[in-house]
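Here, each number is a calculation from the coordinates, and none is a lab measurement. In this text the structure is predicted, and so the values were computed from the model without any measurement. Cβ sites come from the backbone with ideal geometry, for glycine too, and all protein chains shown count toward neighbours.
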Amino acid sequence: MLFEMLFDVETASIIARGLAFAGAGLAAIAGIGPGIGEGYAAGKALEAISRNPELEGTIRSNMILGIALSETTGIYGLVIALLLIFVARA
Amino acid sequence: MNINWLSFGDMVTQYLLELPAEIYSSILIAIAVGVFAIVIGNKMKKADPLARPSTAVLLGETIVGGIEGWTMNMGGPRMKGFAPYFCAVAIYLPISFISGMLALPSPVGYYAVPLIFALVTFISTHAVAFKYQKWSYFKRFTSPFAVFLPINILTFPANAISLSFRMFGNALAGTIILSMVYWATGNITEMLFNLVGLGNFNFIAPFITPFLHAYFDLFGALIQTLVFLSLSVLFISAEIPSEVDA
C-alpha cells in the first residue's frame, strides 16, 4: 500500500526496468567460473604439449571439446541476463 | 453487434503468419537437406561398387562412412543403429547455425528446436537403458539409498536441459551480439554520412562483423555440433552393457 501511494504506474515500471538491468549485471557474474576453468584446462594442455610435442593436434582438439563443455554454465548466466534485458517488459 | 466471423482459411492464415520466422527457415533447411540426401542416396543405389566413384557417391561415402566410423569408435560396435540419427544431426546443425550468416533467422535461436534434439537423445538414452535392463531400470531412482528418490527425480531432466541450453545459448548470444553491432554501426554511419547524404547504408559494418560472424557462426557452429554429438554418443553408449557381461 505504501508502494502504491509513493509511486504512480509509470515510475514503478521505470523502477522495475532498472531493477531488471541490475539483475542482468548480477547474472553476468557467472562468467567467473568458465574463465578460471578454461584457463586451467588450457594450462594443462600446454603442459601436455611441452611433454609430447608430436601429439599437438590431438591435444588441441580434446582441449577445445573440454572448453566447449565447460562454457555451458557461463552461457546459462548470459541467457538469463539477455532475458532480463530484452524480454522482461512491464 | 459486431461479431468478427473468421473463416477456417482466415484462421489458418493468421496462425501461419504469427509463427516465428525461425520455423520457416528450419523447414527450408530441412527440405534442402532432405532433397540433397535423397539425390545422393539414389545415385549411390545405382552406382557400381567396383567402378571409380563419382562426386556424389564419394561425398555420400565420406559423410556416412566417417560418421559411422566415428560413432563406433567412440561408443562401441553396438552403436551402429544410431549412426543415421547422428548423420542427420551432423548435416542439419552446422547448416542451421551458418544460416545466421546467410540472412536467414537461425532455427537454433528458437528454443523448441534444440529442445527437440536434446529430447530425442534423452528418450533414446532411456529407451536403450530400459531395453537392456528391463525392470531393473527403475533401480536407478533409489540408488544408493531410498531417501535419494527426490534428488534422483530432479536429476532426471538435467542432461536434456543442459544439452539443449548449450546450443540455444550459443546461438542466441551470437544473434543478439551481432544485431547490437549492426545497430551501433548503423547509428554511427548515420551520424557520419548524413552530411554526404549516404547515411542510410551501413559502411562501417563490413569492417567489423566478418570476424564476429566467423567466430559465432562458423567456429561456434562446428564446436557445438561436435559437443552435442559427442555427448549424445557418450550418454547412449553408457547404457549399453559391455560385451563381457552380456
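Applying 1/(1 + (r/R0)^6) with R0 = 25 Å to the Cβ-Cβ distance of B:Met11 and B:Ala112, what FRET efficiency is obtained, to the nearest 0.05? Walk me through the numbers on the way to the answer.
Values: r = 22 Å, r/R0 = 0.87.
E between B:Met11 and B:Ala112, to the nearest 0.05, is 0.70.
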Notebook entry, point to check: How big is segment B:31-81 on each of its three principal axes, counting only the C-alpha atoms and giving the largest first in Å?
Noted result: 32, 30, 15
Note to self: Based on C-alpha coordinates, I'd like the Rg and Dmax of segment B:130-246, in Å.
What the structure shows: 24.6, 78
Next item on the list: Among the aspartates and glutamates, select those whose C-alpha is under 19 Å from the C-alpha of B:Lys139, and discard any that sit fewer than 8 residues away in the same chain.
Entry: B:Glu239, B:Asp245
Next item on the list: Classify segment B:76-138 as rounded, prolate or oblate from the Cα gyration tensor: take a ≥ b ≥ c as the square roots of its eigenvalues, call it rounded if a/c is under 1.5, otherwise prolate when a/b beats b/c and oblate if not.
Entry: oblate
Margin query: If the only charges are +1 at each Lys and Arg Cβ and -1 at each Asp and Glu Cβ, what is the size of the charge dipole of segment B:15-239 around the Cα centre, to the nearest 20 debye?
Written below: 940
Notebook entry, point to check: Relative contact order (percent) for segment B:93-187, with alpha-carbon contacts under 8 angstrom and 6 or more residues of separation?
Noted result: 36
Item checked: Cα-Cα over 30 Å, subset of B:Lys43/B:Lys80; B:Lys46/B:Lys80; B:Lys46/B:Lys134 -> B:Lys46/B:Lys134
Notebook entry, point to check: So what's the projected area for segment B:15-239, the Cα convex hull averaged over all directions, in nm²?
Noted result: 18.8
Next item on the list: Counting only C-alpha contacts under 8 Å and six or more residues apart, can you give the relative contact order of segment A:31-90 as a whole percent?
Entry: 46
Notebook entry, point to check: In degrees between 0 and 90, to the nearest 10, how far off the longest principal axis of chain A does helix A:72-86 point, with axes built from Cα atoms?
Noted result: 30
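Using the Kirkwood radius over Cα pairs, work out the Stokes-Einstein diffusion coefficient for chain A at 20 °C and 1.002 mPa s, in µm²/s as a whole number.
133
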Next item on the list: Kindly express, to the nearest 10 degrees and within the range 0 to 90, the angle between helix A:32-51's C-alpha long axis and the longest C-alpha principal axis of chain A.
Entry: 10
Note to self: Whole angstrom only: what separates the Cα centroid of segment B:162-203 from the Cα centroid of segment A:5-30?
What the structure shows: 25
Next item on the list: Report the label-to-label distance for B:Asp48 and B:Phe203 in nanometres (one decimal), using points 7 Å from each Cα along the Cα→Cβ vector.
Entry: 6.1
Checklist line | Among B:Val108, B:Ala51, B:Phe36 - extreme Cα towards positive end, dipole of segment B:1-119, charges at beta-carbon | finding: B:Ala51
Check: Based on the alpha-carbon gyration tensor of segment B:84-197, what equivalent-ellipsoid semi-axes (square roots of 5 times the eigenvalues) come out, in whole Å, largest first?
Finding: 45, 18, 6
Item checked: Cα Rg over Rh - the protein assembly as shown, Kirkwood -> 1.03
Next item on the list: Return a whole-number percent for the relative contact order of chain B, with Cα pairs under 8 Å and 6 or more residues apart as the contact set.
Entry: 24
Check: With axes computed from alpha carbons, what is the tilt in degrees of helix B:8-18 against the longest principal axis of chain B, rounded to the nearest 10 within 0 to 90?
Finding: 80
